[in-house]
Amino acid sequence: MGRHKGFTLAEIIVGFALIVIIFLSILTIIPFSNDYINRQKYKQIAINLAREKLESIKDIDYYNIALGEYTPLIDESSGALISAPATAINTDMTEFPPPPYPSENIDGKTYFYSVKVVDRSASQKMLKDITVVVSYWEKTSLQNISLETYIFGIQAP
């Protein structure tokens, strides 16, 4: 008998089963990768907002950066803003912390700002420690991104 070229039915079924298994395993990875991409996107937005807030504070005159902690009260069950602390009015009649404060809505997600300013001055060196925390809800937990900087002032002779 001569040899026939081609595949047997069993080989075709096994090959098809392998292709289906590989395809299904790839399909199960896609939702996890989309979730990861979204989490990283929200985290990057929070980092950028904290950076922008720090830069806007650094643009303010040293003497107009009000000391204190400006932290909004957030409902942990709904993620809604309950109350915002009063802002300080600077000598140049601007608000501190600078707007937008206490929250900002981007891509359907609300980001809350918290600003803390501590006087770290020692002897003749004038120094303020500024911490900006941007918080947002990730599924059922509150995520925080915190950035900190120091601002130096010049004391008159």
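Read-outs: derived from the displayed coordinates by stated rules, not from any lab. For clarity, every value in this text was computed on a predicted model and none was experimentally measured. Reconstructed Cβ throughout: ideal geometry from the backbone, glycine too, with neighbour counts over all protein chains shown.
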Starting from the amide H of ALA88, placed 1.01 Å from N in the peptide plane, find each other amide H under 5 Å away whose residue is 5 or more places distant or on another chain.
-> PHE96
Taking a ≥ b ≥ c as the square roots of the eigenvalues of the Cα gyration tensor, with a/c under 1.5 meaning rounded and otherwise prolate when a/b exceeds b/c and oblate if not, the stretch 89-145 is oblate
From the Cα gyration tensor of the stretch 1-84, with a ≥ b ≥ c the square roots of its eigenvalues, which class applies: rounded if a/c is under 1.5, or else prolate if a/b is larger than b/c, or else oblate?
-> prolate
Between TYR42, VAL134, ALA122, whose Cα lies farthest towards the positive end of the dipole of the chain when Lys and Arg beta carbons carry +1 and Asp and Glu beta carbons carry -1, centred on the Cα centre?
-> TYR42
Taking every C-alpha to C-alpha distance in the chain and binning by 5 Å from 0, the per-bin percentages run 1, 8, 14, 14, 12, 9, 7, 6, 4, 4, 3, 3, 3, 3, 2, 2, 2, 1, 1, 0, 0, 0
How many lysine pairs are close in the stretch 12-142, with Cα atoms under 28 Å apart and the two 8 or more places apart or on different chains?
-> 24
Projected onto the charge dipole of the chain (unit charges on the beta-carbon of Lys, Arg, Asp and Glu, signs +1, +1, -1, -1), the Cα from ILE89, VAL14, HIS4 with the largest positive-side position is that of HIS4
With +1 on each Lys and Arg Cβ and -1 on each Asp and Glu Cβ, and nothing else charged, work out how big the dipole of the stretch 17-99 is about its Cα centre, in Debye to the nearest 20.
-> 500
Given the C-alpha centroids of the stretch 84-157 and the stretch 1-73, what is the distance between them in whole angstrom?
-> 30
